[in-house]
1. Is one or more of the residues making up region 52-70 surrounded by 10 or more Cβ atoms within 10 Å (Cβ to Cβ), among the small types (Gly, Ala, Ser), modelled with pLDDT of 65 or more and under 21 Å from residue 144 (Cα atoms)?
2. With modelled with pLDDT of 85 or more and loosely packed, with under 10 Cβ neighbours inside 10 Å as the only criterion, which of 40, 36, 105, 24 stands out?
3. Return yes when residue 127 is more than 25 Å from residue 75 (Cα to Cα), open to solvent by 20 Å² or more (accessible area, probe 1.4 Å) and not aliphatic (A, V, I, L, M) and no when it is not.
4. Would you tally the residues in region 130-142 being under 25 Å from residue 70 (Cβ atoms) and surrounded by fewer than 17 Cβ atoms within 10 Å (Cβ to Cβ)?
5. Within region 168-175, is there a residue that is closer than 23 Å to residue 117 by Cβ and not acidic (Asp, Glu)?
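The values are calculated or read from the model by the stated rules, or taken from the named source; none is laboratory data. Keep in mind it's a predicted model, so treat the numbers as computed, not measured. Counting neighbours? That spans all protein chains shown, and the Cβs are built from the backbone with ideal geometry, glycine included. Surface accessibility is based on the protein's heavy atoms, side chains included, excluding ligands, DNA and RNA. Shrake-Rupley method; radii C 1.70, N 1.55, O 1.52, S 1.80 Å.
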Amino acid sequence: MAGFDDPAFFGDRWASAYKDLTRGPDPTSAVEFLAGLAGGGRVLELAIGGGRVALPLARRGITVEGIEASEAVVQRLRSVPGGKVIPVVVAGLRHELADVPLVVGRSRDCDIAVDDPNVSRRHAEVRHEDGAYWIVDLGSTNGVIVNGKRVERAELAPDDEIVLGTTELRFERGF
């Protein structure tokens, strides 16, 4: 998609100027109100953007997670102090894994298509073997990184961080 029907269109097009475009009222009162509602629990911010609300909440020790349509906007969040520690689901996509292998890559023919020029067309495969999930590099150009280490094949555990190209994924169990 290359237009207004694409949820990431705005963010991808304007990410470099996002901070200037999203100036608004001081978020302090909103942050205080949300911190009171959270009561030490978790907060989910939709359209997390540059983190005007999420970052002050995180500095208060509140666990914040976000959803954003644009990878480019998430990269802006990652560039500010504290922005790397907030997990963000890009485009709100969560994929259920099955007992059949799933191919992850840039091609639309993949089971899980990733819009990232640094991801190979058929980058990796997630397999279910003997009760465990494994990720296997399919000979990609930029490799598969699991928890900071480049791997050819790795068993996945809950909360493992997977990087394909510049796209960050998280493996979860129990949903």
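1. Within region 52-70 (the criterion being surrounded by 10 or more Cβ atoms within 10 Å (Cβ to Cβ), among the small types (Gly, Ala, Ser), modelled with pLDDT of 65 or more and under 21 Å from residue 144 (Cα atoms)), the answer is no, since none of the residues qualifies.
2. 36
3. Taking the combined requirement at face value, the residue satisfies it.
4. Looking only at that region, the number is 2.
5. Checked region 168-175: at least one residue is closer than 23 Å to residue 117 by Cβ and not acidic (Asp, Glu).
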